[in-house]
Amino acid sequence: MDPIKIDITILAPVEKVWNYFNEPKHITKWNFAHETWHCPSSENNLVVGGKFKNRMEAKDKSFGFDFEGVYDEIIPHEIIRYHLEDGRKVEVVFDKIDENTTKVIEIFDPEKQNSVEMQRDGWYAILNNFHKYVENH
C-alpha cells in the first residue's frame, strides 16, 4: 500500500510548531481525532532511538490504546522520522514558509485494518486539532 500524505499550514513560527508538536504538556491538549476522545498522558524522548508513548482514550473510558514508536531520524525544526510498533514508518516535515508560517506534512504507511480514507481522515483530524491549538495558544 502506498504511503498516505497529509499537510496543513499553521500561522506560527517553526520553533513554536516544533515545540507544541513534541512537548508532552502540549501533546495531551491536541492529540485526538474527535472531542469524545482525549490524550490523558504523553511520554516523549525526542532523540534517535528514543521512544514516545501517547495514551489515546475515549472520554467515556469505553476504549483506549497506546500510540507508540521509536525515533529513527531527527533534524530539529525540519524533520522527524519514526517507526511504530508494527514497523510502519512515519515522516513529519516542518516546512518553514516564512517567519510566522509553517507547513506540517505527515507521510505515513497505512495499516491494513481500516480504509485508507478513514486513516487519512483520522490523522488529518488530529493534525487539524494541532493546527487550532497552536494558533490559539
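The values are calculated or read from the model by the stated rules, or taken from the named source; none is laboratory data. Here the structure is a predicted model, which means the values were calculated and not measured. Note that each Cβ is placed from the backbone with ideal geometry, even for glycine, and that neighbours are counted across all protein chains shown. Each accessible area value is taken on the protein alone, full model and side chains, heavy atoms only, with ligands, DNA and RNA left out. Shrake-Rupley method; radii C 1.70, N 1.55, O 1.52, S 1.80 Å.
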Those residues of the range 12-65 which are part of a strand (DSSP E or B) and either on the phi > 0 side of the Ramachandran plot or open to solvent by less than 60 Å² (accessible area, probe 1.4 Å) (or both), in sequence order = 38, 39, 41, 42, 44, 52, 54, 56, 57, 58, 64
query = Between a first residue in the range 56-73 that is within 16 Å of residue 122 (Cα to Cα) and a second residue that is open to solvent by 60 Å² or more (accessible area, probe 1.4 Å) and of a type in the set (Val, Ile, Thr), which pairs have beta carbons less than 9 Å apart while being 6 or more apart in sequence or on different chains?
reply = 58/36
task = Kindly indicate whether residue 80 is more than 26 Å from residue 116 (Cα to Cα) and out of contact with any Gly (no Cβ under 8 Å at 6 or more places or on another chain).
result = no
query = Mind checking which pairs have a first residue in the range 8-36 that is over 21 Å from residue 120 (Cα atoms) and a second that is among the acidic types (Asp, Glu), Cβ under 7 Å, 6 or more apart or different chains?
reply = 11/135; 12/135; 13/99; 24/43
ask   = Does the range 123-135 include one or more residues that are part of a loop (DSSP other than H, G, I, E, B), at pLDDT 95 or above and surrounded by fewer than 16 Cβ atoms within 10 Å (Cβ to Cβ)?
value = no
ask   = Would the range 82-92 turn up any residue that is out of contact with any helix residue (DSSP H, G or I) (no Cβ under 6 Å at 6 or more places or on another chain), among the acidic types (Asp, Glu) and closer than 16 Å to residue 22 by Cα?
value = yes
request  = Please find, among 74, 97, 6, the residue that is in a strand (DSSP E or B), more than 15 Å from the chain's Cα centre (by Cα) and hydrophobic (A, V, I, L, M, F, W, C).
outcome  = 97
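Within the range 110-122, take every residue that is more than 24 Å from residue 24 (Cα to Cα) and among the acidic types (Asp, Glu) and give me the one that is surrounded by the most Cβ atoms within 10 Å (Cβ to Cβ).
By that ranking, first place goes to 111.
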